[in-house]
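A quick write-up on the structure given underneath.
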Amino acid sequence: MNKNSKRAYNFNAGPAALPLVVLEKAQAELLDFNGTGMSVMELSHRGKDYEAVHNRAIELLRELMAIPQDYEVLFLQGGASLQFSMVPMNFLAAGKKAGYVMTGSWSEKAYAEAAKLGEVFVAATAKEGNYRRIPAWEEISYGADSAYLHITSNNTIFGTEWQAFPDTGAVPLVADMSSDILSKPFAVKKFALIYAGAQKNLGPSGVTVVIIRRDFLEQANKNLPTMLCYATHAKNNSMYNTPPTFGIYMMKLMLEWVKAEGGVPAIYKRNREKAALIYDAIDASNGFYVGHAQPEARSLMNITFRLAEEELEKKFLDQAKKTGFVGLNGHRSVGGCRASSYNAVPYESCQALRDFMLAFQKENA
């Protein structure tokens, strides 16, 4: 990579920042991967060179997340949005009901898709107050015979995140972890199924990771189109059809980077430090900056805030863009400001944003 090229302060919500070393590794191997004389994009997905990449990505994910051996790791396509439908197709049987905890726009979308396919109910909601919090465990209501309970672990639009996960006992717990997977340690064994789009913490867009417990998989509806059955992909090591090979290769590089950085515990420590820089600037501003999420529900991945006046907010975003900050506009549905500090966003970028926020406040207070 040209050493004179300037890297942006990339706070995009997704597709998101990738580590420079990962991009440089991909660049170095782009024309000739592993002495094949071909790019990894040109390799047959049935050949040993790609198969080694594929299996190494699975192996690294298992290692970094401490995924138990009784879970399958799948690489699918269609993003989390397809999972909104695949989960109920496979596991919302007739006569059963599935509970959804509503914590933002993506849980609303997941609920709406499931409602087209079977009976669903709202197990808890934080919609009152515009999704500023995560419902307390005692607010979550569901029956012991529920098909599953679905949560969204991190809410990119509203900037809230589950700080701990509920113990649902015999009721399968399903989670959309698209925007905080691999950002902090947690016990995979609490979940029957986890799904996540890769484009925030795992690599570029195009790959969806599904982690599913085998005994739960055995309960899935078998009378579905072939590509919509999780069992199809589990049986074929996610290569029933051509997988998104370049995306999986990039994920492998990303996972290697996480391991080299010290694994998930080290990444989590740095994520807390990065987020603290920005949250501290908000909290010390005497109301100049106003955080959206309640402090106990704050996300480490998506820091959402507003300024007191709309014109001042517009000025802030305009000046930030001119200074080299990218992706600070809040989601189009809610407005405001959002800094997405995913795993690959450098500490220095968050430090630069904190400094910019302090300087802007000083000039405009």
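Bear in mind these aren't lab numbers, they're just calculated from the coordinates by the rules spelled out. Since we're looking at a predicted model, the values are computed, not measured. Neighbour counts are summed over all protein chains in view; Cβ atoms, including those assigned to glycine, are modelled from backbone coordinates with ideal geometry.
Ranked by Cβ crowding within 10 angstrom, fewest neighbours first, how are C350, C337 ordered? Present the calculation step by step, with values, prior to reporting the outcome.
Details: C350 24, C337 21.
Exposure proxy ranking, most exposed first: C337, C350.
What trypsin sites (Lys or Arg not before Pro) in segment 269-365 are in a loop by DSSP, with at most 14 other Cβ atoms within 10 Å of the Cβ? Don't skip to the end; give the middle numbers.
On the way: sites: K269, R270, R272, K274, R298, R306, K314, K315, K321, K322, R332, R338, R354, K362; in loops: R332.
The qualifying sites are R332.
Which shape class applies to segment 263-364: rounded if a/c is under 1.5, otherwise prolate when a/b exceeds b/c and oblate if not, where a ≥ b ≥ c are the square roots of the Cα gyration tensor eigenvalues?
Values: a/c = 1.64, a/b = 1.50, b/c = 1.09.
Prolate.
Antiparallel versus total DSSP beta bridges in the chain: what percent is that, nearest 5?
Working: 22 of 39 bridges.
That works out to approximately 55 percent antiparallel.
Please list, by residue number, every one of the GluC sites (Glu not before Pro) in segment 186-273 that is coil in DSSP and has at most 16 other beta-carbon atoms within 10 Å. If you can, show how the numbers build up before the last one.
Working: sites: E218, E256, E261, E273; in loops: E218, E261.
When the GluC sites (Glu not before Pro) of segment 186-273 are filtered for loop state and at most 16 Cβ neighbours within 10 Å, E218, E261 remain.
For segment 1-85, which trypsin sites (Lys or Arg not before Pro) are both in a DSSP coil and crowded by at most 16 other Cβ atoms within 10 Å? Please list the in-between numbers first.
Numbers: sites: K3, K6, R7, K25, R46, K48, R56, R62; in loops: K3, K6, R7, R46.
Filter output for segment 1-85: K3, K6, R7, R46.
Taking the Cα centre of the chain as the origin and placing charges on Cβ (Lys, Arg +1; Asp, Glu -1), which of L193, M301, P243 is farthest toward the positive end of the dipole?
P243
Under the rule a/c < 1.5 gives rounded, and otherwise a/b versus b/c splits prolate from oblate, where does segment 305-365 land using the Cα gyration tensor?
Numbers: a/c = 2.00, a/b = 1.20, b/c = 1.66.
Because a/c hits 1.5 or more and a/b fails to exceed b/c, segment 305-365 counts as oblate.
Assuming a ≥ b ≥ c are the square roots of the Cα gyration tensor eigenvalues, decide whether the chain counts as rounded (a/c under 1.5), prolate (otherwise, with a/b larger than b/c) or oblate.
On the way: a/c = 2.12, a/b = 1.16, b/c = 1.83.
The shape class here is oblate.
Starting with the fewest neighbours, write out T323, T304, T245 ranked by other beta-carbon atoms found within 10 Å of each beta-carbon.
Numbers: T323 13, T304 26, T245 21.
Listed from fewest to most nearby Cβ atoms, that is T323, T245, T304.
Which of the residue pairs K127/K315; K274/K315; K184/K222; K189/K269; K6/K315 have a Cα-Cα distance greater than 27 Å in the structure shown?
Details: K127/K315 30 Å; K274/K315 24 Å; K184/K222 34 Å; K189/K269 22 Å; K6/K315 24 Å.
Those over the limit are K127/K315; K184/K222.
Rounded to the nearest 500, what is the chain's calculated 222 nm mean residue ellipticity when only DSSP H runs of at least 4 contribute -39500 (n - 2.57) each, over all residues? Could you put the intermediate results ahead of the total?
On the way: 10 runs with 131 residues, N = 365.
Per the formula, -11500 deg cm²/dmol.
Return the tail of the calculated pair distribution for segment 187-253, meaning the percent of Cα-Cα pairs more than 15 Å apart.
On the way: 1298 of 2211 pairs.
Of all Cα-Cα pairs in segment 187-253, 59 percent lie more than 15 Å apart.
Assigning unit charges at the beta carbon (Lys, Arg +1; Asp, Glu -1) and nothing else, what dipole magnitude in debye, to the nearest 20, does segment 24-260 show about its Cα centre? Can you show the working numbers first?
On the way: 22 positive and 24 negative charges, 39 e Å.
Dipole about the Cα centre, nearest 20: 180 debye.
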